[in-house]
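Data block below; observations after.
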Amino acid sequence: MSGAGAATITDAAKRRIFAMLDADGDGVVSRAEYLARVDRAASALGRGADHPVVSAARRAHEVVWQDMDADRDGRVTFEEYRTWAGYDAFERSCRPALGSLFDIADLDADGYVSRDEFVRLRVAARNTEEAAAAAFDDLDTDRD
Ligand SMILES: [Ca+2]
Ligand SMILES: [Ca+2]
Ligand SMILES: [Ca+2]
């Protein structure tokens, strides 16, 4: 994971992220595709769909979704995504959404995501288990 801030996300990176969100590859991200992130994370971590952290994550993602869909037509095009990802909106609404996924992953609610919890979350985001484990090791620089 690079330390690049939101403002420096390249078009290539935005395209990769957009392609990941556009699960059926039709060139637009639907609300269902976007919110499916929450359901995948919840089921990977064994969280019930009505668990408070899952409901909170759904609300946080809903906010991001509304923010991204600038023309409110229920679809996010790459152009919308590209414009949105370059602005403060990214910081403002993405941070709580990512935080909400963190809360889903933090099964014992100790405020830390353990290696095992992190791997399950990343697998849910369709990374291979191996890449997720490597990504965690990259972040966990003091190996604790
Ligand atoms: Ca799609
Ligand atoms: Ca739109
Ligand atoms: Ca934990």
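The values are calculated or read from the model by the stated rules, or taken from the named source; none is laboratory data. Quantities reported herein were computed from a predicted structural model and do not represent experimental measurements. In this analysis, Cβ positions are derived from the backbone assuming ideal geometry, glycine residues included, and neighbour counts consider all displayed protein chains. In case anyone asks, the SASA skips ligands and DNA or RNA and just uses the protein heavy atoms, side chains included. Shrake-Rupley method; radii C 1.70, N 1.55, O 1.52, S 1.80 Å.
Listed values, structure above:
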read-out	value
Computed over the stretch 27-83, Kirkwood Rh from alpha-carbon pairs, angstrom	11.9 Å
Accessible surface of residue 17 - all protein chains present, 1.4 Å probe, nearest 10 Å²	60 Å²
Solvent-accessible surface ranking, highest first, for 69, 137 at 1.4 angstrom	137, 69
222 nm mean residue ellipticity, helices alone, for the chain (DSSP H n ≥ 4; -39,500 (n - 2.57); rounded to 500)	-17500 deg cm²/dmol
For the chain, alpha-carbon Rg and Dmax in angstrom	15.2, 46
Where trypsin sites (Lys or Arg not before Pro) in DSSP loops with at most 10 other Cβ within 10 Å are excluded, longest remaining stretch of the chain	1-71
